Amino acid sequence: MKYEAEQKFPVDNLQDVESRLGELGAEVTGERIEVDRYFNHPARDFAETDEAFRIRRVGPVNKITYKGPRVDETTKTRQELELPLAEGDQSAADWIKLLEKLDFRTVSEVHKRRRKSHVEWQDRTVEVSLDEVTGLGTFVELELVVDEQDLDLARDCIADLAKKLGLKHSERRSYLCLLLEKG
């Protein structure tokens, strides 16, 4: 299983970050809408175990994702397993119905407008997401997906790129946690 090494930063102005990305030769893609529906397990509380389970919708594309507990104190590094589902509204509705029949319960939905970029940094390709999250504001996420033996290198790479982009005050909590805390 791969690990997702990620850091997220609240920002006041996504255009400033986009300009800095351009200076590094990176292009930002067009906007897409992502809707993440998070579920809680019927026998354990994912908030307590620091896990996440969701269905993500991007247009007609559906994916189901499990994220394990974070493995360090500074980033959101964790094991991730993401699988494709059939496309379309009916498929998403059927999967939600199946999970609810198995006593999973919907916790909340996170809606975001996302634009992506990929930056070549320290011999790696870092995925950069420029996010406008409904109810929370604007954020930049830096992410690498790596094998366990490359975790330290990935975290160092992300931290160095964040510094180069002028990103400060990393936010370890997920968008879901931030929304739930906000009420």
(message) Given the condition among the aliphatic types (A, V, I, L, M) and part of a helix (DSSP H, G or I), answer yes or no: does some residue in the range 98-113 qualify?
(response) yes
(message) Quick test for you: out of LEU99, LEU165, LEU176, pick the one residue that is under 19 Å from VAL71 (Cβ atoms), in contact (Cβ under 8 Å) with a residue 60 or more places away in the chain and crowded, with 17+ Cβ neighbours inside 10 Å.
(response) LEU176
(request) Scan the range 136-155 residue by residue and report those that are under 12 Å from ARG113 (Cα atoms) and either surrounded by fewer than 14 Cβ atoms within 10 Å (Cβ to Cβ) or modelled with pLDDT under 95 (or both). (result) GLY137
(message) Checking LEU102 against (1) at pLDDT 95 or above; (2) in contact with a strand residue (DSSP E or B) (Cβ under 8 Å, 6 or more places away or on another chain), only one condition comes out false. Which one?
(response) (2)
(request) Collect the residues in the range 128-165 that are closer than 17 Å to GLN15 by Cα and part of a strand (DSSP E or B), keeping them in residue-number order. (result) VAL128, SER129, LEU130, ASP131, GLU132, VAL133, GLY137, THR138, PHE139, VAL140, GLU141, LEU142
(message) Can you tell me which of (1) under 23 Å from LEU142 (Cα atoms); (2) touching an Asp or Glu at 6+ places or on another chain (Cβ under 6 Å) is the one PRO60 doesn't meet?
(response) (1)
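The values are calculated or read from the model by the stated rules, or taken from the named source; none is laboratory data. Source: prediction; values computed, not measured. Neighbour counts are summed over all protein chains in view; Cβ atoms, including those assigned to glycine, are modelled from backbone coordinates with ideal geometry.
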